[in-house]
Amino acid sequence: MEKLLEEKRQGEVLETKVVVKNDKKLFIESFGCAMNFSDSEIVASILSKNGYNTTTTIEDAELILINTCSIRDKAEQTVRKRLQKYNSLKKNNPKMKVGVLGCMAERLKHKFLEEEKIVDLVVGPDAYKDLPNLLEEVDSGKDAINVILSTEETYGDITPVRLNSNGVSAFISITRGCDNMCTFCVVPFTRGRERSRDPQSIVDELNDLAGKGFKEITLLGQNVDSYLWYGGGLKKDFNKASEIQKASSIDFAKLLEICAITQPKIRIRFSTSNPQDMSLDVIKLMAKHNNICNHIHLPVQSGSNSILKAMNRQHTREEYISLIKSIKKLIPDCTISHDMIVGFPNETDKDHKDTMSLMNEVVYSFGYMYKYSERPGTLAERKLEDNIEEEVKKQRLQEIVDLQQIHSLKRTKEFLNKKVEVLIERQSKKSEKHWAGKTEHNKVVVFPKENYKIGDFVNVMTMDCTSATLIGKAIEFSKNN
Ligand code: SAH
Ligand code: F3S
């Protein structure tokens, strides 16, 4: 899963593989975070009821939808390049329509239609149910746009059409939007305020996936620990809820427990946690339930208190370390990964050294590391100068990437010469004779296929490793099958 996420974050193209008996052909591709990939499955579901069948052959498509990411400038440039490709396709097929979905649609709104002449429709993340109407407008020769952000929409009533699925692991989105307002981040502007999805619809989706043979789910949100259901509405309005609503509300720890108990054989992951919102209850639950995977993605962004403050992260370095200590105390084998940004405005050499020292203190299993990219409209863009030279950003990034490489190897080696339980997800990219899967700790393991198949839980003896991958040999089916 993590590899998949990593690829997705790097903007890898997803092509759909679902065939429904409909006559119009839709090609949909997604860039950016896991939430976008999950949203594309909702879009495919909405359009399947309107005569659209997904295709993997872009040339055949009557409708191309691109689900976009705005998180860094580079992500937006990738999308722009992709639109150029569509432009040449459209010349050969004038009936072809092109729609832009997701965060860039929300950020650029009408500007998209002006700047990119090939775009026929622009739809923000909360307006996908309006797609059938918007397509009618396009058919009648108009440009169509809906970028209204909602306070309620969670798409809880839509059963996603699983795209590009291995039939083993799936995402279930549990919250939309984010209220955290980290000063560098465009997400609160493109995805709106935070709201949680009806837990019953989450459990229904979980049961549906289990019935279809899925073995692992990831509960998704920008900030999962802040999940709060009190009958609908924005998280920030919870104080206005009635006493009855408050008493019967469900927080993330409760939701996690419900999921873990409802499907004890399904592996449960969640992403992403924000250190300021992660509660001890969640950690205790992870320790209590075997099917909740012992891995936490816990982005920190910087090891310097002054940078954390300027980023509006609501915790200090010391509080973060103390959270990690609590995790390790309750779940000694828990693996921890991170997101880190270098080159935030005014970041000094000392701040950068603080980041390196935090990494040395935690020794993360892996991490996603980025150069700061100024995003229009964010507080950092309005109030702070993007004043760290590109060369310095590059060098700092290289330094933390190199350090992470050492830490990843160290952490992976801890699983060497051990029996680990692996859920087989796919064929190894390097050899058709090997399977690849993951341990609950999110470690990728590769081993000879023998008679095992995708979706099996297998005990594997590990014998060798790189920094990111364990190599081993299957011993037996694990008792989890
Ligand atoms: N809570 C979200 C975070 C979304 S953004 C989640 O579900 O993952 C993912 C990561 O991108 C952030 O943790 C941060 O490290 C990075 N990021 C966000 N805005 C950025 C920016 N302006 N420049 C560089 N990196 C950024
Ligand atoms: Fe962005 Fe911070 Fe939310 S990184 S998604 S504003 S938790």
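Which of Ile406, Gly124, Ser306 sits closest to the plus end of the dipole of the chain, meaning its Cα is farthest towards the positive end, when Lys and Arg get +1 and Asp and Glu get -1 on the C-beta?
The one lying farthest along the dipole's positive direction is Ile406.
Report P(r) for the stretch 303-413: all Cα-Cα distances, bin width 10 Å, range 0 to the bin holding the largest distance, values in whole percent.
Computed distribution, short to long bins: 13, 44, 32, 10, 1.
Do any cysteines in the chain lack another Cys Cβ under 4.7 Å, and if so which?
Cys with no partner Cβ under 4.7 Å: Cys33, Cys69, Cys103, Cys178, Cys259, Cys293, Cys334, Cys465.
Considering only DSSP beta bridges whose two residues both sit in the stretch 225-368, what percent are antiparallel, to the nearest 5?
Taking every DSSP beta bridge within the stretch 225-368, about 20 percent pair in antiparallel fashion.
Once you have a ≥ b ≥ c as the square roots of the Cα gyration tensor eigenvalues for the chain, tell me rounded if a/c is under 1.5, and otherwise prolate or oblate according to whether a/b is larger than b/c.
Rounded.
Any chance you could check the Cα centroid distance between the stretch 286-339 and the stretch 443-462 for me, in angstrom?
The stretch 286-339 and the stretch 443-462 have Cα centres separated by 30 Å.
Could you order the peptides 134-145, 206-217, 28-39 from most to least packed, using the average number of other C-beta atoms within 10 Å per residue?
Taking the mean over residues of other Cβ atoms within 10 Å, the ranking is 28-39, 206-217, 134-145.
Once amide H atoms are built 1.01 Å from N in the peptide plane, which residues 5 or more positions from Cys465, or in another chain, come under 5 Å H to H?
Ile471
Percent relative contact order of the stretch 303-413, based on C-alpha pairs within less than 8 angstrom and at least six residues apart?
31 percent
Counting heavy atoms of the protein chains only and a 1.4 Å probe, report the per residue accessible area for the chain as a whole number of Å².
In whole numbers, the chain has 43 Å² accessible per residue.
Over the residues of the stretch 419-477, compute the C-alpha Rg and express it relative to 2.2 N^0.38 Å. Kindly include the intermediate steps, with their values, before the conclusion.
Working: Rg = 9.7 Å, N = 59, 2.2 N^0.38 = 10.4 Å.
For the stretch 419-477, the normalised Cα radius of gyration is 0.94.
Positive end of the dipole of the chain, charges at C-beta (+1 Lys, Arg; -1 Asp, Glu), about the Cα centre: which of Leu416, Leu323, Gly99 has its Cα farthest in that direction?
Farthest towards the positive end: Leu416.
If a/c stays under 1.5 just call it rounded; otherwise compare a/b with b/c (prolate if a/b is bigger, oblate if not). Do that for the stretch 165-293, with a ≥ b ≥ c from the square roots of the Cα gyration tensor eigenvalues. Display every interim value, and only then the final one.
Numbers: a/c = 1.66, a/b = 1.39, b/c = 1.19.
It comes out prolate by the Cα gyration axes.
Is the stretch 336-478 rounded, prolate or oblate when judged by the Cα gyration tensor, a ≥ b ≥ c being the square roots of its eigenvalues, rounded requiring a/c under 1.5 and prolate requiring a/b larger than b/c?
Cα axes put the stretch 336-478 in the prolate bin.
Give the long-range amide H neighbours of Val98: residues separated by 5 or more places, or on another chain, with amide H under 5 Å away, using H modelled in the peptide plane at 1.01 Å from N.
Those qualifying (amide H under 5 Å, at least 5 residues apart or on another chain) are Ile64, Asp120, Leu121.
Roughly how far apart, in whole Å, are the Cα centres of the stretch 21-87 and the stretch 220-234?
Value for the Cα centre distance between the two parts: 26 Å.
Quick check for me: using +1 on Lys/Arg Cβ and -1 on Asp/Glu Cβ, what's the dipole size of the chain about its Cα centre, in debye to the nearest 20?
For the chain, the charge dipole is close to 1000 debye.
Determine, from the Cβ-Cβ distance of Lys325 and Arg80 and an R0 of 60 Å, the FRET efficiency 1/(1 + (r/R0)^6), rounded to the nearest 0.05.
Working from the Cβ atoms, E equals 0.85.
Taking the Cβ of Gly231 as the centre, find all other residues whose Cβ is under 13 Å away and add up their charges (Lys, Arg: +1; Asp, Glu: -1).
+1
Under the definition of Cα pairs under 8 Å and six or more residues apart, what whole-number percent is the relative contact order of the chain?
Relative contact order of the chain: 10 percent.
Would you be so kind as to identify all helices of the chain, as entire DSSP H runs, whose Cα atoms reach 24 Å or more along the helix's own axis and whose mean Kyte-Doolittle hydropathy is at least -1.0?
none
Quick one: pull the percent of accessible area on the stretch 281-371 belonging to carbon and sulfur, 1.4 Å probe, ligands and nucleic acids left out.
Here carbon and sulfur together make up 52 percent of the probe-accessible area.
I want the antiparallel fraction of DSSP beta bridges within the chain, as a percent rounded to 5.
Restricted to the chain, the bridges split so that about 35 percent are antiparallel.
Which entries in Lys265/Lys479; Lys265/Lys418; Lys309/Lys383 show an alpha-carbon gap greater than 20 Å?
Cα-Cα > 20 Å for Lys265/Lys418; rest within.
The values are calculated or read from the model by the stated rules, or taken from the named source; none is laboratory data. Just so we're clear, the structure is a prediction, and the values are computed from it rather than from any experiment. Methodologically, a virtual Cβ is constructed for each residue, glycine included, from the backbone with ideal geometry; neighbour enumeration extends over all protein chains shown. All accessible areas refer to the heavy atoms of the entire protein, side chains included, with ligands and DNA or RNA removed. Shrake-Rupley method; radii C 1.70, N 1.55, O 1.52, S 1.80 Å.
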